[in-house]
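In what follows, a single structure is set out as structure tokens and then discussed.
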Amino acid sequence: MLPRVTLHNAVSLDCRLLEWGMVDMGLYYGLIGAFAEQATLAGAETLLTGAAHEGVITDGDDTPGPEAVPGDARPLLVVPDSRGRIRMWRWILAQPYWRAGVALCTSSTPREHMAYLERSGVDRIVAGDDRVDLKTALAEVRDRYGVERIRADSGGTLNGVLLRLGLVDEVSLLVAPVLMGDDASRAFVRAPALAAAGGYAGLKLTHMERLDGDNLWLRYEVVRSG
């Protein structure tokens, strides 16, 4: 059985992902309580971008993070990282947002990186050969940790893959009153990933709210075919 997955992103009116400094982060993260998430699914590129913004060096410090606290209700951080790009888990787990980390790996993930994860106190789920088998991995996240609700905080590539695989139940967008108007900015969903699923995903509007600063909050359920 799979957990419920909500995509939550801040976008411009032309559905380009907003970069750091272009969105009211307090407003954006103030909405996430509505999802009652038990795990955050974050793409490796999203975390690397955030680390770069904070000036963090990804040097592979493998000092274990804080020990688990019984009854800690914070979500897990789940990261697909088949290539072993995330080398700052100590810094990540020192943040106040997550209680522990889980790396989604494959049979081709470098052994040295798997050893780094073990030394760092980060759990591993191995699913797939070259690329993470997300369906199998998310089912394991539910079975192993009892996670029933996941919020995806990721970029267009992972969003597109999750939608293409039929793993998304809800799409939540904080729409800012700006237009990007260029091809250099990142799309909320990368179209090539959806093309294999028929070219589109049907949505049903379930919530629409005007927030401070003329921002809009839109929530949609993904319409399942068949």
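A few notes on this one:
- When only alpha carbons are used to place a centre, segment 18-56 and segment 89-156 end up 17 Å from one another.
- Packing-based ranking, highest mean first, of 47-55, 138-146 given that Cβ atoms within 10 Å are counted: 138-146, 47-55
- Listing Met208, Met88, Met22 from fewest to most neighbouring C-beta atoms within 10 Å gives Met208, Met22, Met88.
- Highest-MSF residue in the chain out of Arg90, Arg151, Arg210 [GNM, Cα springs under 10 Å]: Arg210
- Put simply, the amide H of Asp153, placed in the peptide plane, has neighbours under 5 Å in Leu41, Ala42, Gly43, leaving out anything fewer than 5 places away on its chain.
- Relative contact order (%) - criterion: Cα under 8 Å, at least six apart; region: segment 39-147: 26
- Each Lys or Arg adds one and each Asp or Glu takes one away; over the other residues whose Cβ falls under 11 Å from the Cβ of Arg4, this sums to -2.
- Relative contact order for the chain: 28 percent, from Cα pairs under 8 Å spaced at least 6 residues apart, divided by residue count.
- Neighbour counts of C-beta atoms inside 10 Å place Trp217, Trp89 in the sequence Trp217, Trp89, starting with the fewest.
- Taking the Kirkwood radius as Rh and the Cα radius of gyration as Rg, segment 39-147 has a ratio of Rg/Rh equal to 0.93.
- Proxy reagent accessibility, fewest Cβ within 10 Å first, across Val78, Val23, Val168, Val56: Val56, Val23, Val168, Val78
- Considering only the chain, percent of DSSP beta bridges that pair antiparallel, nearest 5: 35
- Karplus-derived 3J(HN,Hα) values for segment 170-177, using 6.51 cos²θ - 1.76 cosθ + 1.60 with θ = phi - 60°, are 9, 10, 10, 10, 8, 9, 8, x Hz; glycine and proline are entered as x.
Bear in mind that the values in this text are calculations on the coordinates, not laboratory data. On a predicted model such as this, the values are computed, not experimentally measured, just so you know. Cβ: placed from backbone, ideal geometry, glycine included. Neighbour counts: every protein chain shown.
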